[in-house]
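Okay, structure first, notes after.
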């Protein structure tokens, strides 16, 4: 039994090491470092960390990546990444930003990224509130069934718990309405940005 446990542990550790590799052995052997670099740049990876990870992956087959060729591809890919619409897309997806865009294109990327990330954060918050509300609602339903057959001595505690849950649900509904209003505003800003990605943001009345 102990040997079996050690075997499973070894397999699990091997799978963990495999999952840490950015490239397979076959990919290292057949690598076109310019193409790989372009793909990495287009994804917005931090260059030093990403190339070091490739080099570590390919140590297994004694292949040293061509950093010069890779970086040429990376710079080409970065041109595709550092655009306003790319920023919006990555923000909406909840991706991080590794501060890789050069000054000439960073402002446009960040404008889109900030809008998209705000929309993503609000959508995540709304989903969390809806989930929280649903779980509390289900608990209230369970307690409503339970209280029917509960001894008199327990009914007071059950009713108090139900009252607390219903207070929480009212609070969640209020917060949910606020978040929905903010999300409507954020979505309207995103829609305007999608139509005018290279234009400066409009000046709002009162500013």
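The values are calculated or read from the model by the stated rules, or taken from the named source; none is laboratory data. Note that the structure is predicted; figures quoted are calculated from it, not measured. When we count neighbours, we look across all protein chains shown, and the Cβ atoms used for this are built from the backbone with ideal geometry, even at glycine.
Quick notes on this one:
- Candidates 77, 73, 87, 94: the one that is over 30 Å from residue 161 (Cα atoms), under 17 Å from the mean Cα position of the chain (by Cα) and surrounded by 15 or more Cβ atoms within 10 Å (Cβ to Cβ) is 87.
- Selection status of residue 44, on the phi > 0 side of the Ramachandran plot and surrounded by 17 or more Cβ atoms within 10 Å (Cβ to Cβ): yes
- Qualifying residue in region 4-22 (condition: within 30 Å of residue 113 (Cα to Cα) and either at pLDDT 95 or above or not in a helix (DSSP H, G or I) (or both)): yes
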